Amino acid sequence: MMRKFWITCAAALVSMAAFAQTSPQQKYIDTYHAIAVEEMLRTGVPASITLAQGILESGSGLSTLAVNGNNHFGIKCHKGWSGKTMYQDDDHRNECFRVYGSAEESFRDHSDFLRYRDRYKFLFDLERTDYKGWAYGLKKAGYATDPKYPGKLIKYIEDYNLSRFDVISVEQEAIVPEAPHKIEEPVAAPAVRNGVVTPASEEFHFPLSRKLYSLNGVPFVYAQEGESYRSIAKYYHKFTWEVLKYNDLKREETLLPGTIVYLEAKKKKAPAGLEMYIVAQDGEDFHQICQRFAVKEKAIRKLNGFTGTPELREGDEIKLR
């Protein structure tokens, strides 16, 4: 009897293993894990998270959105989407969803959706292997309304050992871009006064202690109470029109404390890893976006085919390089 019992258990285990190998989830992983890893190397989104979301959002690639629209992540049209669309009931009836030319396009858009929208950027400050942090962070940022969403992602990752795809070689690690916040973070720069370079750590007075900073390789200062573009230009032995030009301004305007004032010409493109910016809300200021990334307005208009200053809407994608 005992021998028959063990034979039955062994047969059950073999059957379960065979099912796991042929299940829709496993087939999805076999089909798309390489794309998920490629996207991780390109943007830093963990492959485990991408695969788990793909399995959950697309029903392992079998949902209507995935089959008819190549949409594996349930990404809706949003206001900035200008591609093909399809409609389906979701949180509300007859909602608009994006349609892609291929599954690869869907995976790429999903990665960009997370990396270049401000509300998801904090996720990239987490360790890439912290799939639990990413899962709960996605829910916190509003990716899904289902309160059980993080747990579902974590279960797929652990059931199918998807975290193994997050482990890459030293050579591959060198390819993964830094977190967006890290790239955008200003760094202390050497100060130049009267032609003499002083250490970045040395503070000097005008009118209060201040440091010179650098963003995208362009030196700048934070304006302080009572300052103007004219006074800053004078302090750094520059013409006022020069400083205005560096900051894409045609005339002097009120300078609020904390405003970034560039002291050299901005760059034509943002640093690697900040390929684009996705507008968070209607009416965002194009000038402020260019100031934020230390890029010239003229160059960014040309890059995006803008004939003038654009009126931005939520979801618009602004190429930065």
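The values are calculated or read from the model by the stated rules, or taken from the named source; none is laboratory data. Keep in mind the model is a prediction, meaning the values are calculated, not measured. Reconstructed Cβ throughout: ideal geometry from the backbone, glycine too, with neighbour counts over all protein chains shown. Keep in mind that these areas ignore ligands, DNA and RNA; they rest on the heavy atoms of the full protein, side chains included. Shrake-Rupley method; radii C 1.70, N 1.55, O 1.52, S 1.80 Å.
So here's what we get for this one:
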quantity: Those residues of the range 114-124 which are open to solvent by 10 Å² or more (accessible area, probe 1.4 Å) and out of contact with any Pro (no Cβ under 9 Å at 6 or more places or on another chain), in sequence order; calculated: ARG117, ARG119, PHE122
quantity: Residue match in the range 226-244 (condition: open to solvent by less than 10 Å² (accessible area, probe 1.4 Å) and closer than 23 Å to ILE318 by Cβ); calculated: no
quantity: Every pair of residues 6+ apart whose Cβ atoms lie under 6 Å, when the first sits in the range 253-268 and is at negative phi and at pLDDT 95 or above while the second is among the polar types (S, T, N, Q) and part of a loop (DSSP other than H, G, I, E, B); calculated: TYR262/ASN247; LYS267/ASN216
quantity: Top-ranked residue in the range 160-175 [being surrounded by 14 or more Cβ atoms within 10 Å (Cβ to Cβ) and at pLDDT 95 or above; ranked as farthest from ARG115 (Cα to Cα)]; calculated: TYR160
quantity: Residue count for the range 101-158, restricted to those that are farther than 25 Å from ASN70 by Cβ, within 13 Å of the chain's Cα centre (by Cα) and of a type in the set (Phe, Trp, Tyr); calculated: 2
quantity: Enumeration of residues in the range 245-276 that are surrounded by 19 or more Cβ atoms within 10 Å (Cβ to Cβ), of a type in the set (A, V, I, L, M, F, W, C) and within 30 Å of VAL176 (Cβ to Cβ); calculated: ALA270, LEU274
quantity: Condition check for ASP282: assigned to a loop (DSSP other than H, G, I, E, B), touching a residue at least 40 places away in the same chain (Cβ under 8 Å), within 28 Å of the chain's Cα centre (by Cα) and farther than 22 Å from GLU184 by Cα; calculated: yes
quantity: Cβ-Cβ under 8 Å pairs, at least 6 apart or on other chains, the range 222-249 side more than 20 Å from HIS287 (Cβ to Cβ), far side not in a loop (DSSP other than H, G, I, E, B) and not aromatic (Phe, Trp, Tyr); calculated: GLN224/ARG210; LYS234/THR240; TYR236/VAL192; TYR236/ARG193; TYR236/VAL243; PHE239/ALA233
quantity: Positions within the range 47-81 being within 20 Å of the chain's Cα centre (by Cα), surrounded by fewer than 24 Cβ atoms within 10 Å (Cβ to Cβ) and over 24 Å from ASP130 (Cα atoms), in sequence order; calculated: LYS76, CYS77, HIS78, LYS79, GLY80, TRP81
quantity: Residues of the range 285-297 satisfying the condition of being open to solvent by less than 10 Å² (accessible area, probe 1.4 Å), farther than 11 Å from ILE318 by Cα and either free of Cβ contacts under 8 Å to residues at least 12 places away in the same chain or in a helix (DSSP H, G or I) (or both); calculated: PHE293
quantity: Matching option when the condition is in contact (Cβ under 8 Å) with a residue 12 or more places away in the chain, outside any helix (DSSP H, G or I) and more than 21 Å from GLN281 (Cβ to Cβ), among TYR100, TYR87, TYR136, TYR143; calculated: TYR100
quantity: Residue that is modelled with the highest pLDDT [pool: residues in the range 176-189 that are open to solvent by 90 Å² or more (accessible area, probe 1.4 Å) and either over 20 Å from the mean Cα position of the chain (by Cα) or acidic (Asp, Glu) (or both)]; calculated: GLU178
quantity: Filter result (assigned to a helix (DSSP H, G or I), among the β-branched types (Val, Ile, Thr) and modelled with pLDDT of 95 or more) within the range 2-45; calculated: ILE29, THR31, ILE35, VAL37, THR43
